[in-house]
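The next block holds one structure in the form of structure tokens; read it before the comments.
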Amino acid sequence: MAEPTVFDRILDGKIPCHRVYEDDHVLAFLDIGPLSAGHTLVIPKERVAQLHELSDDAAAALGRVLPRLCRAVMHVTGATAYNVLQNNGSAAHQEVRHVHFHIIPRFKGSGLEIGWEPGSLDEGRADKVAQKIRIALAATL
Ligand code: AMP
């Protein structure tokens, strides 16, 4: 079994957090290293590392409360822009191996920078890739 993560220890009550929301499936709390005021983490109580491993029920529970949590964070911080960031795997900058969504209010000078270097979609290959994904989806439903 994998080593418990810091979020497992929070869920188990072994270390404290600044809780903002909790239900049977979801816990949300302030990030200990905020990129901006109000930076909040939303985690499932289901203990899996990456989003694709999450059960449909846990995913639905997260999806139900995520917009509501965003509204509350925006209301309290007064931010008019925010990012919802969800990292999977070390190459994607995931440090804590327990699924989590960051809600990061954006203000001038807040600490999130996103490099974005778009390519252009190759129409010929796009058809094949889209079809392969449709087939993979059908196989895993
Ligand atoms: P990630 O890079 O997406 O895995 O982000 C992990 C986040 O967890 C970072 O933003 C950390 O600041 C945050 N974090 C780590 N330990 C704690 C903790 N004990 N309480 C709250 N947030 C934490």
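The values are calculated or read from the model by the stated rules, or taken from the named source; none is laboratory data. Note that the structure is a prediction, hence the values are computed from the model and not measured. Here Cβ is always computed from backbone atoms with ideal geometry, including for glycine, and neighbour counts include all displayed protein chains. In case anyone asks, the SASA skips ligands and DNA or RNA and just uses the protein heavy atoms, side chains included. Shrake-Rupley method; radii C 1.70, N 1.55, O 1.52, S 1.80 Å.
Worth a mention:
- Averaging 1/r over each pair of different alpha-carbon atoms in region 29-84 and inverting the result gives 12.5 Å, the Kirkwood hydrodynamic radius.
- Nonlocal amide H pairs with Tyr21, under 5 Å, H built at 1.01 Å: Ala28
- Nearest-0.05 FRET efficiency for Thr140 and Arg9, computed from C-beta distance (R0 30 Å): 0.45
- Charge-dipole axis of region 32-141 as Lys and Arg at +1 and Asp and Glu at -1 on Cβ define it, positive-most pick from Ala139, Val129, Tyr82: Tyr82
- Surface exposure of region 47-141, expressed per residue as accessible area with a 1.4 Å probe, stands at 74 Å².
- Amide H contacts of Asn83 (H built 1.01 Å from N, under 5 Å, at least 5 apart or other chain): Ile104, Arg106
- Region 61-130, relative contact order in percent, only Cα pairs under 8 angstrom and at least six apart counted: 27 percent
- Relative to the longest principal axis of the Cα atoms of the chain, helix 123-140 runs at roughly 60 degrees.
- This model, with +1 at the C-beta of Lys and Arg and -1 at the C-beta of Asp and Glu, gives region 27-126 a dipole about its Cα centre of some 460 debye.
- Gain upon complete extension [Ile32, Asn88; 0.36 nm per residue less C-alpha separation]: 18.2 nm
- Compactness of the chain - radius of gyration and Dmax, Cα, Å: 17.2, 53
- Mean-position separation - Cα centroids, region 1-63 and region 73-141, in angstrom: 18 Å
- Element breakdown for the chain at a 1.4 angstrom probe: carbon and sulfur atoms account for 55% of the accessible area.
- Near Asp8: Cβ cut-off under 12 Å, other residues only, Lys/Arg at +1 and Asp/Glu at -1. The net charge is +2.
- Distant-in-sequence amide contacts of Val48, defined by a placed amide H-H separation under 5 Å and a gap of 5 or more residues or a different chain, comprise Val99.
- The loop-placed trypsin sites (Lys or Arg not before Pro) in region 14-73, going by DSSP, that have at most 13 neighbouring Cβ atoms within 10 Å of their Cβ come out as Lys14.
- Within a Gaussian network of the chain (alpha carbon springs, distance under 10 Å), most fluctuating of Ala61, Ala130, Ala49: Ala130
- Taking label points 7 Å from Cα along the Cα-to-Cβ direction, Ser120 and Arg19 give a separation of 5.3 nm.
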